[in-house]
Amino acid sequence: MKVTKENLSDIREDYEKAHRYIDEESKNDPPTEPFRSHYTARDILNSALRKVKTLAEALDPASEVATTVRCIHANILKDIAKITIFVEEPRGEVLLKEALELIEQDRGKEPTINVHIEILNQLGIMACNLSNFAESKQYLDQAKDIYCEAKELDQQPLTMADLFGTKEEVERGKGLKLLESNHTLTLYYLAQVFGFLENLADSARYCHMTLKRQLEYNEYEHVDWALNAATLSQFYFPKNHLSQARHLLAASTFILNRYETEVVEKITNPAERAEKEETLRYRMADVGRCWAKYGLHILAASKERLSVDDEPNEDGSGAETLPMTPVKKMDRFVGLDLAAYEGQVTDEFCLTFDDAKLVMLNSLSWLNKAKEYYTKETEASQYAKILQDIASLYKHLAFFEEDDGNQCKLFKRGADQLEEIVEILNATYYQTICREAWYELGLTYSNMLNVKLSQLDEMQARERPSPHALNKINHLCEKSIRNFKKFIESYKIELDTLELPDSIDEAEMQPILYAFFHIGRLYYRIITPDKRLKLKNTESSLFYYGRFVACCQDERMRPLFLQELGVCKEMISLLPLKIEKLKNEIAITHQEGTGMTSPKISADKTTDSNAATPKHQEAQSNEASAQNPPSDGSPATGAAVQAVVAATVQSIRERGFAACFSWLKVFRFANLMIKQGC
């Protein structure tokens with residue numbers, strides 16, 4: 001039997017009608033019947049399927065015409081399967097496998113190429129959604145192989161419209177365009193599967209191939225493409241592929257700007273244009289935050305690189321370890337002029353403060369733009385995360401600043417961002433972010449304290465520290481302690497016992513123990529002349545150090561704190577001696593204080609305490625005069641007072657002020673008696 005255009009006209013009409021329901025009518029389906037058009041389309045396709053089966057029964061299976069009919073049959077089965085999957089009904093996979101089996105005997109023939117790849121792509125998606133990632137990869141690899149084979153043999157695949165027409169009606173180029181489009185989808189799905197298989201390098205590679213092909217064949221939606229490119233950059237820069245990451249971010253920004261000029265500005269409807277502008281602002285803010293993350297990584301990695309100990313380890317391995325270096329290898333997008341965007345920030349690590357400042361200012365500008373969209377009134381959590389990034393920028397830049405005063409100012413600016421977070425957020429509803437802010441505030445004030453203590457050491461070599469400098473140190477200690485304690489209390493830990501609840505997992509224990517360690521150190525750093533307060537602070541320091549050491553007995557924690565554990569154990573052995581010394585000094589001071597505040601003046605002139613007083617000595621030398629003193633304040637009285645003063649001064653010179661404190665009391669008492677005429 002010969003298949004003519006008329007034989008297929010009814011089937012073609014049904015097929016096109018079904019796709020109108022899927023592509024157009026489904027947009028108007030009511031919420032109560034969301035799949036109404038898809039059900040109608042499936043019924044129409046089933047009707048077309050019956051006609052195709054009837055037609056196929058009359059054909060020679062080995063003929064070229066039979067191959068064309070089988071391809072039409074497989075396409076209809078594939079579309080019915082896609083509808084079945086979309087409306088969340090079973091049998092979708094069964095229908096796809098039936099279609100695959102139908103054209104297996106025609107594998108490699110031009111009419112089957114596109115439908116074969118489409119069926120394999122659908123099976124790959126289904127297997128991936130069912131978490132059968134290895135099976136999914138097998139289907140997608142088969143689809144990729146069919147594409148490569150077709151390209152190698154320079155075959156001309158056909159579209160569904162070509163199958164319904166004659167050879168003369170085949171539209172040249174459309175089949176190849178569909179082939180490229182199907183292969184782009186294959187690569188995109190493979191990128192997802194590699195991600196689920198935790199093969200991130202291949203996942204990123206296939207993502208980049210997908211983006212590149214979308215640009216090449218002009219098959220992309222601006223905003224989605226830009227977001228995918230910016231997201232992909234987040235894979236590359238942590239691995240120090242800085243050039244590739246910067247190129248992706250530049251391309252992302254370029255495409256969003258193109259979206260503004262090619263799409264948004266050409267919209268005349270005010271409501272629709274406002275909606276597109278809002279989308280642009282939203283996504284530009286997200287891309288800006290990705291730029292900021294790129295800059296943050298450069299600063300953090302540069303800091304780590306400069307802090308690496310170049311000394312070899314005991315086994316000599318340290319000398320072989322090379323410092324981190326940015327990877328220059330990259331795959332560029334064709335047709336995009338990105339020089340202006342890439343020139344805004346470096347793709348090298350920073351070595352000096354000036355280098356770091358340029359990176360920091362670029363990231364800060366992007367974050368300030370992001371804050372215009374993510375405001376604290378509308379997006380409090382995202383606004384807080386932006387503030388965290390700004391605080392991190394100041395912290396990393398401070399590492400490169402050599403001037404202590406400027407370094408403290410940078411730390412302070414970072415602390416101001418974190419203080420705003422805990423001020424605007426309710427800790428009950430934003431507990432995680434507040435915890436992070438409290439911990440960072442504790443570290444920031446501790447870093448500022450380190451700078452101030454260094455300045456204090458230098459100052460003591462030249463002059464006596466001012467009260468303001470000492471108060472500043474104590475103020476920083478108190479601020480750091482307060483924020484670390486808030487962080488600890490957020491885990492329902494009682495500060496008087498510091499017992500860790502069983503619900504705290506390993507990841508949370510590490511920062512909590514670091515908080516214990518820092519608080520122990522901070523209490524010991526407080527400067528005060530009050531020995532009782534110093535004793536209290538030293539006891540608090542010992543308590544936190546002790547709890548740190550006790551918690552580090554956990555085998556999971558001990559390897560993480562080897563250096564800190566050694567310091568704490570040494571402090572635990574020394575602090576009790578310090579505490580005992582302070583207690584003894586307080587006890588001695590208390591005893592001396594008791595003697596000074598309650599002097600006993602005996603009336604018995606023969607006692608030792610009064611026999612040695614100047615007044616008593618004067619009385620012995622002039623008994624008659626003492627018994628009958630002049631009543632008019634004559635020179636005799638003045639001489640007596642002068643004798644008392646002279647004797648007191650001499651006693652102070654010989655015995656010191658503290659030993660003569662009681663003599664001064666006696667002198668004041670005698671002077672009072674003289675003034676009263678006694």
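Working only within region 469-488, note down all residues that are under 15 Å from Glu436 (Cβ atoms) and open to solvent by 50 Å² or more (accessible area, probe 1.4 Å). Of everything in region 469-488, just one residue is under 15 Å from Glu436 (Cβ atoms) and open to solvent by 50 Å² or more (accessible area, probe 1.4 Å), namely Lys486. Scanning region 220-249 for residues that are of a type in the set (Ser, Thr, Tyr) and part of a helix (DSSP H, G or I) yields Thr231, Ser233, Tyr236, Ser243. Reported count of residues in region 421-433, each being assigned to a helix (DSSP H, G or I), over 17 Å from Tyr491 (Cβ atoms) and out of contact with any Leu (no Cβ under 6 Å at 6 or more places or on another chain), is 2. Contact map, region 45-68: first residue more than 29 Å from Ile22 (Cα to Cα), second residue open to solvent by 40 Å² or more (accessible area, probe 1.4 Å) and part of a helix (DSSP H, G or I), Cβ cut-off under 8 Å, separation 6 or more or different chains; pairs are Leu59/Val65. Here is a check on your reading of the model: is Arg12 touching a Phe, Trp or Tyr at 6+ places or on another chain (Cβ under 6 Å) and under 30 Å from Glu168 (Cα atoms)? Criteria met by Arg12. Screening the candidates Val3, Val52 for the property of being assigned to a helix (DSSP H, G or I), at negative phi and either modelled with pLDDT under 95 or surrounded by 13 or more Cβ atoms within 10 Å (Cβ to Cβ) (or both) yields one hit, Val52. The residues of region 434-462 that are of a type in the set (Asp, Glu) and either over 23 Å from Ile512 (Cβ atoms) or not in a helix (DSSP H, G or I) (or both), listed by number, are Asp457, Glu458.
Quick grid of which residues meet (1) modelled with pLDDT of 90 or more; (2) open to solvent by 80 Å² or more (accessible area, probe 1.4 Å); (3) of a type outside the set (A, V, I, L, M); (4) closer than 30 Å to Ile588 by Cα:
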| position | (1), (2), (3), (4) |
| --- | --- |
| Ala461 | no, yes, no, no |
| Ser466 | no, no, yes, yes |
| Leu498 | yes, no, no, no |
| Leu513 | yes, no, no, no |
| Ile526 | yes, no, no, yes |
| Leu533 | yes, no, no, yes |
| Gly546 | yes, no, yes, yes |
| Cys551 | yes, no, yes, no |
| Met557 | no, no, no, no |
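Taking region 431-448 as the search range and keeping residues that are more than 13 Å from Ala415 (Cα to Cα) and not polar (S, T, N, Q), which one is surrounded by the most Cβ atoms within 10 Å (Cβ to Cβ)? The qualifying residue surrounded by the most Cβ atoms within 10 Å (Cβ to Cβ) is Cys434. Residue count for region 348-388, restricted to those that are over 26 Å from Glu277 (Cα atoms) and surrounded by fewer than 21 Cβ atoms within 10 Å (Cβ to Cβ): 10. Note on region 379-395: residues that are within 15 Å of His297 (Cα to Cα) and out of contact with any Lys or Arg (no Cβ under 6 Å at 6 or more places or on another chain) total 7. Among the residues of region 78-98, those that are part of a helix (DSSP H, G or I) and open to solvent by less than 20 Å² (accessible area, probe 1.4 Å) comprise Lys78, Asp79, Ile80, Ala81, Ile83, Thr84, Gly92, Leu95, Leu96. Filtering region 21-32 to residues that are open to solvent by 90 Å² or more (accessible area, probe 1.4 Å), part of a loop (DSSP other than H, G, I, E, B) and among the charged types (D, E, K, R) leaves only Glu24. Which residues, taken from region 441-461, are in contact with a Lys or Arg (Cβ under 8 Å, 6 or more places away or on another chain) and of a type in the set (A, V, I, L, M)? Selection gives Leu441, Met448, Leu449, Leu453. Take the conditions open to solvent by less than 50 Å² (accessible area, probe 1.4 Å), under 17 Å from Phe164 (Cα atoms), outside any helix (DSSP H, G or I) and of a type outside the set (Val, Ile, Thr) and apply them to Leu59. Does it pass? For Leu59, the condition - open to solvent by less than 50 Å² (accessible area, probe 1.4 Å), under 17 Å from Phe164 (Cα atoms), outside any helix (DSSP H, G or I) and of a type outside the set (Val, Ile, Thr) - is met.
Looking across region 29-45 at every residue that is at pLDDT 95 or above and β-branched (Val, Ile, Thr), the one that is farthest from the chain's Cα centre (by Cα) is identified as Ile44. Within region 193-203, the set of residues being surrounded by 14 or more Cβ atoms within 10 Å (Cβ to Cβ), outside any helix (DSSP H, G or I) and either of a type in the set (Asp, Glu) or without any contact (Cβ under 8 Å) to a residue 60 or more places away in the chain (or both) comprises just one member, Asn199. Taken over region 369-385, the residue count meeting the criterion of being under 14 Å from Arg281 (Cα atoms), touching a residue at least 40 places away in the same chain (Cβ under 8 Å) and not basic (Lys, Arg) is 4. For region 153-180, give me each residue that is under 18 Å from Ala74 (Cβ atoms) and open to solvent by 40 Å² or more (accessible area, probe 1.4 Å). Answer for region 153-180, where residues must be under 18 Å from Ala74 (Cβ atoms) and open to solvent by 40 Å² or more (accessible area, probe 1.4 Å): Ala161, Leu178.
The number of residues in region 204-234 that are open to solvent by less than 20 Å² (accessible area, probe 1.4 Å) and more than 26 Å from Thr261 (Cβ to Cβ) comes to 2. Yes or no: Arg36 surrounded by 13 or more Cβ atoms within 10 Å (Cβ to Cβ) and either free of Cβ contacts under 8 Å to residues at least 40 places away in the same chain or hydroxyl-bearing (Ser, Thr, Tyr) (or both)? Taking the combined requirement at face value, the residue satisfies it. In region 108-152, the qualifying residues are those that are of a type in the set (Gly, Ala, Ser) and assigned to a helix (DSSP H, G or I), and the one that is surrounded by the most Cβ atoms within 10 Å (Cβ to Cβ) is Gly124.
Checking each residue in region 62-77 for being assigned to a helix (DSSP H, G or I) and more than 60 Å from the chain's Cα centre (by Cα) picks out Glu64, Val65, Ala66.
State which residue pairs qualify: first residue small (Gly, Ala, Ser) and inside region 78-89, second residue at pLDDT 95 or above and open to solvent by 10 Å² or more (accessible area, probe 1.4 Å) in any location, beta carbons under 6 Å apart, and separation of 6 or more residues or different chains. Qualifying pairs under 6 Å: Ala81/Leu95.
Has region 185-192 got any residue that is open to solvent by less than 40 Å² (accessible area, probe 1.4 Å), β-branched (Val, Ile, Thr) and in contact (Cβ under 8 Å) with a residue 60 or more places away in the chain? Yes. Here Gln460, Gln417 are screened, and the one residue that is more than 29 Å from Val359 (Cα to Cα) and without any contact (Cβ under 8 Å) to a residue 60 or more places away in the chain is Gln460.
The values are calculated or read from the model by the stated rules, or taken from the named source; none is laboratory data. Everything numeric here is computed off the predicted structure, so don't read it as measured data. Positions of Cβ are generated from backbone atoms using ideal geometry, with glycine treated the same way; all protein chains shown enter the neighbour counts. For accessibility, only protein heavy atoms count, side chains too; no ligands or nucleic acids. Shrake-Rupley method; radii C 1.70, N 1.55, O 1.52, S 1.80 Å.
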